[in-house]
1. Answer with yes or no whether residue 190 is surrounded by fewer than 16 Cβ atoms within 10 Å (Cβ to Cβ) and touching a helix residue (DSSP H, G or I) at 6+ places or on another chain (Cβ under 8 Å).
2. Out of the residues in the range 236-251 that are open to solvent by 80 Å² or more (accessible area, probe 1.4 Å) and either within 19 Å of residue 118 (Cα to Cα) or of a type outside the set (S, T, N, Q) (or both), state the one that is modelled with the highest pLDDT.
3. So, in the range 65-83, of the ones that are outside any helix (DSSP H, G or I) and among the charged types (D, E, K, R), which residue ends up farthest from residue 211 (Cα to Cα)?
4. Going through the range 132-182 one residue at a time, which ones are under 30 Å from residue 52 (Cβ atoms) and free of Cβ contacts under 8 Å to residues at least 12 places away in the same chain?
5. Restrict the check to the range 65-78 and report whether at least one residue is under 23 Å from the mean Cα position of the chain (by Cα) and in contact (Cβ under 8 Å) with a residue 24 or more places away in the chain.
6. State which residue is most open to solvent (accessible area, probe 1.4 Å) when the search covers only the range 48-64 and only residues that are part of a loop (DSSP other than H, G, I, E, B) and in contact (Cβ under 8 Å) with a residue 12 or more places away in the chain.
7. Here are some conditions: (1) open to solvent by 70 Å² or more (accessible area, probe 1.4 Å); (2) more than 30 Å from residue 140 (Cβ to Cβ); (3) modelled with pLDDT of 85 or more. Residue 390 meets all but one. Which one does it not meet?
Amino acid sequence: MHPKSRILTRLRQAVLAIIVAGIGTGTYAQSSAPPTSLKDLFDAAWAQQPEFQALSIRQDAVHAQRRAAEAWTPEPPAIEVANKTDRFNRNSGVREIEVGVSIPLWLPGERRSSRTLADAETAALESRVASARLRLAAEVRSAWWSWQLARMDAEMARAQMDSARRIAADVARRAKAGDLARADQHQADGAVAAAEAGVAQLEADATATLEQLKALTGGIAPASPVGLSPTEPEPVSRPPDPHPALSELQDRVTVAERAAALAARQSRANPELSLSTTRDRGAFGERYDQTVTVGIRVPFGAGPRHDGRVAAAQAEALEARAQLALEQARLQGQRDTAVARVNAARAQLAAAERRATLAQEARGFFEKSFHLGETDLPTRLRIEAEATDAARQAIRSRVELAAAISAWHQTLGLLPQ
């Protein structure tokens, strides 16, 4: 190879190695970063769930059941070996050796019913996992929005404490100058103490809700965003896919029905086809004779045991169908309630924002009049408390609207987005 070509080849390999290393480093950094959204938190929580950790083994189990249903025999064949001799008593030379194989046989229609049952259980496993993911999403959503609400309350309490401290500092300056009485300073300092106590309580509540959230994720703490976290988009009026809870129940119905059909086919134990060969002699000096035996073993019907299995499978199918009808009605009611809650939360947010705007303007008016000496301190503190409460209610309304939309997603069977 030309030296120049060799140098170019090495340069390309070095550049490729740097790119691959950079991609790997970026992936690791991204995967090791704390979750910042509801979807990231849900993914972290799902990775901790027993259903996820046992999923691959359960899939292997249903695949093995499918392979067993496709086998030529319902059970593995069995080999039989027997040796007959009189050497321990008369020892006249009697010898007999028998070697045979016993092959279980499928009952009429049993193999086809077993295959359809295995297919139904494969689908049931998928729908059960999807339903488990949706149930986990409900817990994560509830904990997430509870934490968001507690966190925003704590932030607003800290803002109120800062405002109370500014007022107290202004009152102290004016009291020192003789413009206000010491009673006003004590009242302002009392408002600061009350605000500090409120901050301590709300921060404790925020920590408690955060710990509840971390309990779902195996101790993984979400990153604290600045302000309100991104909300889920408003869903479409009709879900794009069947609801996972309904799919799980429908698959349970299918599994129960096919199990009942298989139980009806298994009215008796499996017959067995036997094939054996025997080599024997009657005494010393005689030559060995060899025979071949072909036989079939057909058990009688199972009777009450078979009837019990069929009845139990039919009862399971009936119960699953009844539960499916109840779940459909319950989900429809939840969807209607979720839509009504979103509409109410939207109206509450509009009213709360209008109140917060008016309260903020009023606070500006009274703040100026207080500095001019036209408003007393109790009125100033009352207006400040009303403005803070209005701002807190507006922020809470935004969180409650986001939580209502998230609950609407839940009723439609949608995972966090």
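The values are calculated or read from the model by the stated rules, or taken from the named source; none is laboratory data. Here the structure is a predicted model, which is why all the values come from computation and not from measurement. Don't worry about glycine lacking a Cβ; one is built from the backbone with ideal geometry, like all the others, and counts go over all protein chains shown. Just so you know, the surface numbers come from the protein's heavy atoms only, side chains and all, with ligands and any DNA or RNA stripped out. Shrake-Rupley method; radii C 1.70, N 1.55, O 1.52, S 1.80 Å.
1. Numbers: surrounded by fewer than 16 Cβ atoms within 10 Å (Cβ to Cβ): yes; touching a helix residue (DSSP H, G or I) at 6+ places or on another chain (Cβ under 8 Å): no.
So residue 190 fails the test.
2. Of the residues in the range 236-251, the ones open to solvent by 80 Å² or more (accessible area, probe 1.4 Å) are 236-238, 240-242, 250.
Checking the rest, the ones that are also either within 19 Å of residue 118 (Cα to Cα) or of a type outside the set (S, T, N, Q) (or both) come to 236, 238, 240-242, 250.
Numbers: 236: 66, 238: 63, 240: 59, 241: 71, 242: 81, 250: 90.
Of everything passing the filter in the range 236-251, 250 is modelled with the highest pLDDT.
3. Start the filter on the range 65-83 by keeping residues that are outside any helix (DSSP H, G or I), which leaves 70-83.
Now narrow it down to the ones that are among the charged types (D, E, K, R): 70, 75, 80.
Details: 70: 50, 75: 52, 80: 63 Å.
Across the range 65-83, the extreme among qualifying residues is 80.
4. Pass one, the range 132-182, residues under 30 Å from residue 52 (Cβ atoms): 132-151.
Listed by number, the residues that qualify are 135, 142.
5. Going residue by residue through the range 65-78, those that are under 23 Å from the mean Cα position of the chain (by Cα) are none.
No, there is no match, as no residue in the range 65-78 is under 23 Å from the mean Cα position of the chain (by Cα) and in contact (Cβ under 8 Å) with a residue 24 or more places away in the chain.
6. Going residue by residue through the range 48-64, those that are part of a loop (DSSP other than H, G, I, E, B) are 48-49, 54.
This time we only want the ones that are in contact (Cβ under 8 Å) with a residue 12 or more places away in the chain, so: 48-49.
Numbers: 48: 83, 49: 39 Å².
Of everything passing the filter in the range 48-64, 48 is most open to solvent (accessible area, probe 1.4 Å).
7. (1)
Residues are listed down the side, and each one gets a yes or a no for (1) touching a Cys at 6+ places or on another chain (Cβ under 9 Å); (2) farther than 21 Å from residue 116 by Cα; (3) not hydroxyl-bearing (Ser, Thr, Tyr):
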{"site": "39", "(1), (2), (3)": "no, yes, yes"}
{"site": "45", "(1), (2), (3)": "no, yes, yes"}
{"site": "56", "(1), (2), (3)": "no, yes, no"}
{"site": "74", "(1), (2), (3)": "no, no, yes"}
